[in-house]
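Participant: Have a look at the structure that comes next, please.
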Amino acid sequence: LAADGRDVVLSGLAPSEEAQQKATRLAANVEGVRLAMNATTLPPVVKPFTWEARREAGKLTLSGYVAPGDSRARLVAAARAAMPGIDLVDEMRVARGGLSGVDTVASTALALLGRLTSGSVALVDDKLAIAGAAMARSQNMAAVKGKNTKPEIAVRKYLHKLGFRYRLHNKGLPGKPD
C-alpha cells in the first residue's frame with residue numbers, strides 16, 4: 001500500500017480477481033481516501049497444475065505449484081507431521097489453475113510418502129503417482145502396535161461394562177499372533 005496525499009495504490013499478489021476488487025472497494029471506502037488504485041497482480045494460471053514431493057537421504061523437497069492462500073502452510077505442516085525431523089526444502093510456487101481439494105490429496109500423499117524410506121509422490125492435475133522403496137519388513141513390523149490397539153480397548157470397555165473381569169496380555173496362554 002502506497003499513499004500520496006489522499007490517493008492510495010494497492011500493490012502485491014492477490015489470490016483472485018474477486019480479492020482484488022474487494023480490496024479496492026475497501027480502500028476506496030476508507031474515510032479521507034479520494035482515489036484507490038489497484039496495481040496488484042494475480043498468480044499465473046498454469047496447466048498442467050503439477051506438484052511433487054521427493055524424499056531421499058533424510059531430505060524432503062516440495063516443488064511445483066500451490067494455490068494462493070494457506071495451501072503452502074498446510075502442505076508444509078502435513079510434511080512435518082508425516083516425517084518429523086526431516087530436512088524440508090520448499091521450492092513450491094504460487095499459481096492458479098489447480099483443482100479444488102488438491103491440498104487434501106497432496107496431504108494424504110505426504111502421509112503415504114512418510115511410510116517409504118525414499119521415493120516421490122506427484123500430482124498432475126487429477127492424477128496421482130507414488131513411487132519409492134518400502135521400509136524393511138522389520139521396520140514395518142516394529143511400527144505395528146501389538147497391545148492396547150483401538151479395537152482391543154473398545155472390546156475391553158464393552159466387556160467391563162457387562163461385568164466381566166480379566167487379565168491383560170497373559171503370557172501363559174498359548175499362541176501369539178503375528
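Participant: Given an 8 Å cut-off on Cα distances and at least 6 residues of separation, report the relative contact order of the chain as a percent.
Facilitator: Averaging sequence separation for qualifying contacts and normalising by length gives 17 percent for the chain.
Participant: Count the lysine pairs in the chain whose Cα atoms lie under 23 Å apart, taking only pairs 8 or more positions apart in sequence or on different chains.
Facilitator: Count of close lysine pairs: 13.
Participant: Between His169 and Lys127, what's the calculated FRET efficiency when r is the beta-carbon distance and R0 is 41 Å? Round to 0.05.
Facilitator: After rounding, the FRET efficiency stands at 0.35.
Participant: Amide H neighbours of Tyr65 under 5 Å, at least 5 residues apart or on other chains, H built in the peptide plane: list them.
Facilitator: Here the answer is Thr50, Trp51, Glu52, Arg93, since their amide H atoms fall under 5 Å of that of Tyr65.
Participant: Got a number for carbon plus sulfur as a percent of the chain's accessible area, 1.4 Å probe?
Facilitator: Carbon and sulfur together cover 57 percent of it.
Participant: Now a separate question. Pulled fully out, how much extra length does the chain show between Val9 and Ser63, if you take 0.36 nm times their separation in residues and subtract their Cα-Cα distance?
Facilitator: Value of the extension gain: 16.2 nm.
Participant: Now, a different point. Please find the FRET efficiency linking Val89 to Ala39, where r is the Cβ-Cβ separation and R0 is fixed at 41 Å, and quote it to the nearest 0.05.
Facilitator: 0.80
Participant: Any idea of the accessible area per residue across the chain, 1.4 Å probe, to the nearest Å²?
Facilitator: Computed with neighbouring chains in place, this is 68 Å² per residue.
Participant: Relative contact order (percent) for segment 89-178, with alpha-carbon contacts under 8 angstrom and 6 or more residues of separation?
Facilitator: That works out to 15 percent.
Participant: Then there's this: Given springs between every Cα pair under 10 Å in a Gaussian network model of the chain, which of Val30, Val102, Val76 has the largest fluctuation?
Facilitator: Val30
Participant: Taking 0.36 nm per intervening residue step and subtracting the Cα-Cα distance, what contour gain separates Val30 from Tyr158 on full extension?
Facilitator: Here the answer is 39.9 nm.
Participant: With label points built 7 Å along Cα→Cβ from the Cα atoms of Val46 and Gln21, find their separation and express it in nm.
Facilitator: The two pseudo-label positions are separated by 2.7 nm.
Participant: Give the calculated FRET efficiency between Arg115 and Asp70 to the nearest 0.05, with a Förster radius of 30 Å applied to their Cβ-Cβ distance.
Facilitator: FRET efficiency, Arg115 to Asp70: 0.70.
The values are calculated or read from the model by the stated rules, or taken from the named source; none is laboratory data. In this text, all values refer to a predicted model and were calculated from it rather than measured experimentally. Every residue, glycine as well, gets a Cβ built from its backbone with ideal geometry; the counts of neighbours run over all protein chains shown. We work out accessible area using only protein heavy atoms, side chains counted, and drop any ligands, DNA or RNA first. Shrake-Rupley method; radii C 1.70, N 1.55, O 1.52, S 1.80 Å.
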